[in-house]
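Remarks on the structure that follows.
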Amino acid sequence: MSELMRPTFDLDLIQKYGGEGPRYTSYPTAPQFSDRFTASDYCAAMAESNRLPIPADLSLYVHVPFCHNPCFYCGCNRVITRSLTAGDSFLDSLARELAMVAPRFDEDRIVRQLHLGGGTPTFLDTDQLARLLHMLQTHFPFADQAELGLEVDPRTIDPSGLRRLADMGFNRISIGVQDLEPDVQQAVNRIHDTAMVSATLGGARASGFDSISVDLIYGLPLQTTTGFARTIDTIISLRPDRIALFNYAHLPHLFKAQRRIDESQLPAPSTKLAIFRNALNRLLDAGYEFIGMDHFALPGDSLVKARKDGSLVRNFQGYSTHGGLDLISFGPSAISQVADSFAQNVRSLDDWSVQLIEGRIPTARGLTRTIDDRLRAEIIERIMCTGSLCYRDMERRFELSFRRYFAREIEQLEALQEDGLIEFRNGGFSVTSSGLLFLRAIAKVFDAYLQPQTLGSGRFSRIV
Ligand code: SF4
């Protein structure tokens, strides 16, 4: 099978299109969620999802909000604690949430995918993780081949723990590494040596996980081109199936943890770009294929296959091979997507626990999509996941004249074409190799909520 297109790195284009933009893990994006959307709206969405002629299968997400130590780059919703009772209390609350939410879905709706994120899911020990999985499996029927994945901090699990997770049925693992250089690790307060990372990866492989992914971040304090190249080369030598190379977004006004980063140690923009360019080339030269945004995978990985056959989708966990599922999420700040609604839980662990004790579904905000939202969501997902758009497909699905409905957007696309980011063809357009790094910039043409004044305000991360 042919290789995926290799993105071109062009400094002038980065200057023009590499600014801020949403990551489009949903459309409309989370800033559009409203607190007028309540638990009863979420219940209505759950009921509606059962009434569809063919109700969707399910994807589950659990947000485990604990970490032992604060990483200074962190932008996640988490609680730093060493409490020995926190995990069990969390699971007691989760049991309440499951008991309130799960019975609202018809019993024949099958779980195809489970993901545990956080925080640090492996803050929970393997007995607690077994209890968590058992609770989910008691409430929902799981497909035999369901994808069961979790994020792992190499400091919190050893090879015997990984074997236990595999025995429970977990088959996908995402290992948070970020950087292997000791001075960078010190500067971000996340210290684990290469041997520990290598043991985690080796342990996951020996335990039979189907897919092993590693997360890296560029743009951290004290990173250099040479140092990050060492990290990339070491990770490449360990051959994970997938590598996510995230662009560090320094937004200390939004994320308190980041205020502990010494800004004078952050790489200059030109150094950061050199780090990225070098990492990009190393990954591509080593045989990893570019999926989109920050994701790379080996040719045999299901993400590559899905990218090639057009079945790739985007959801709150990033790129995924499972489309058309209703996403039911549990835990503080977790976001569900059911039927045409998004529902986000309250952010604070305490509020979440108290509302559950009081017998309330802890929805804080959300949104029900309009037809225009659904149309734009589909267009944005096609651009992000396939790098192309066929106007006729959209006209057939939504019964409209694409050129009339999107006259303003087509004008903007023409400017992108002049700059070589896209090519018009076959009643639509395709993203070129020059445009591949700017999928978000192309997708945002179709974002009806994005106001020019919100870009540059530090609400979104940089595209490159
Ligand atoms: S980056 Fe991950 S492990 Fe570090 S504090 Fe944040 S959630 Fe916890």
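The values are calculated or read from the model by the stated rules, or taken from the named source; none is laboratory data. For clarity, every value in this text was computed on a predicted model and none was experimentally measured. Counting neighbours? That spans all protein chains shown, and the Cβs are built from the backbone with ideal geometry, glycine included. Keep in mind that these areas ignore ligands, DNA and RNA; they rest on the heavy atoms of the full protein, side chains included. Shrake-Rupley method; radii C 1.70, N 1.55, O 1.52, S 1.80 Å.
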Requested in this report: Search the range 181-208 for residues that are assigned by TED's automatic domain parsing to the domain that holds Tyr73 and pair each with any residue that is open to solvent by 70 Å² or more (accessible area, probe 1.4 Å) and of a type in the set (A, V, I, L, M, F, W, C) when their beta-carbon atoms are under 7 Å apart and the residues are at least 6 apart or on different chains.
Outcome: Gln185/Ile191
Requested in this report: Starting from residues that are crowded, with 17+ Cβ neighbours inside 10 Å and outside any strand (DSSP E or B), keep the ones in the range 57-74 and report whichever is farthest from the ligand (Cβ to nearest atom).
Outcome: Asp57
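Looking at Leu222, Leu150, Leu254, which is the one that is touching a residue at least 12 places away in the same chain (Cβ under 8 Å) and either in a strand (DSSP E or B) or buried (at least 22 other Cβ atoms within 10 Å of the Cβ) (or both)?
Exactly one residue qualifies, and that residue is Leu150.
Go through Ile235, Ile243, Ile275 for me and flag whichever is surrounded by 18 or more Cβ atoms within 10 Å (Cβ to Cβ), in a strand (DSSP E or B) and not assigned by TED's automatic domain parsing to the domain that holds Ile463. Give the steps one after another, and end with the answer.
Working: Ile235 fails: in a strand (DSSP E or B); Ile275 fails: in a strand (DSSP E or B).
Selected residue: Ile243, the only one of Ile235, Ile243, Ile275 that is surrounded by 18 or more Cβ atoms within 10 Å (Cβ to Cβ), in a strand (DSSP E or B) and not assigned by TED's automatic domain parsing to the domain that holds Ile463.
Got a sec? Which of Arg112, Arg131, Arg104 is open to solvent by 10 Å² or more (accessible area, probe 1.4 Å), touching a Cys at 6+ places or on another chain (Cβ under 8 Å) and more than 17 Å from Arg155 (Cβ to Cβ)?
Details: Arg112 fails: touching a Cys at 6+ places or on another chain (Cβ under 8 Å); Arg131 fails: touching a Cys at 6+ places or on another chain (Cβ under 8 Å).
It is Arg104.
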Query raised in the report: If you check every pair at least six apart or on different chains, which have Cβ atoms under 6 Å apart with a residue in the range 56-82 that is without any contact (Cβ under 8 Å) to a residue 60 or more places away in the chain first and a residue that is more than 10 Å from the ligand (Cβ to nearest atom) second?
Result: Phe66/Thr81; Phe66/Ala86
Query raised in the report: Just checking, which of Leu245, Leu254 is within 16 Å of the ligand (Cβ to nearest atom) and out of contact with any strand residue (DSSP E or B) (no Cβ under 8 Å at 6 or more places or on another chain)?
Result: Leu254
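Please enumerate the residues belonging to the range 90-145 that are of a type in the set (Gly, Ala, Ser) and within 16 Å of the ligand (Cβ to nearest atom).
As a first pass, look at the range 90-145 and keep what is of a type in the set (Gly, Ala, Ser): 93, 95, 99, 102, 117-119, 130, 143.
Across the range 90-145, the qualifying residues are Gly117, Gly118, Gly119.
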**Report entry** Residue in the range 157-179 that is within 16 Å of the ligand (Cβ to nearest atom), closer than 21 Å to Asp88 by Cβ and assigned by TED's automatic domain parsing to the domain that holds Thr226 present
**Finding:** yes
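For (1) in contact (Cβ under 8 Å) with a residue 24 or more places away in the chain; (2) surrounded by fewer than 21 Cβ atoms within 10 Å (Cβ to Cβ), each residue gets a yes or a no:
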| site | (1), (2) |
| --- | --- |
| Glu409 | yes, yes |
| Gln412 | yes, yes |
| Gln417 | no, yes |
| Phe429 | yes, no |
| Leu439 | yes, no |
| Phe446 | yes, no |
| Tyr449 | yes, yes |
| Pro452 | no, yes |
| Phe460 | yes, no |
Report task. Residue by residue through the range 379-392, note down the ones that are out of contact with any Asp or Glu (no Cβ under 9 Å at 6 or more places or on another chain), under 23 Å from Phe438 (Cα atoms) and open to solvent by 20 Å² or more (accessible area, probe 1.4 Å). Result -> Glu381, Thr386, Ser388, Cys390
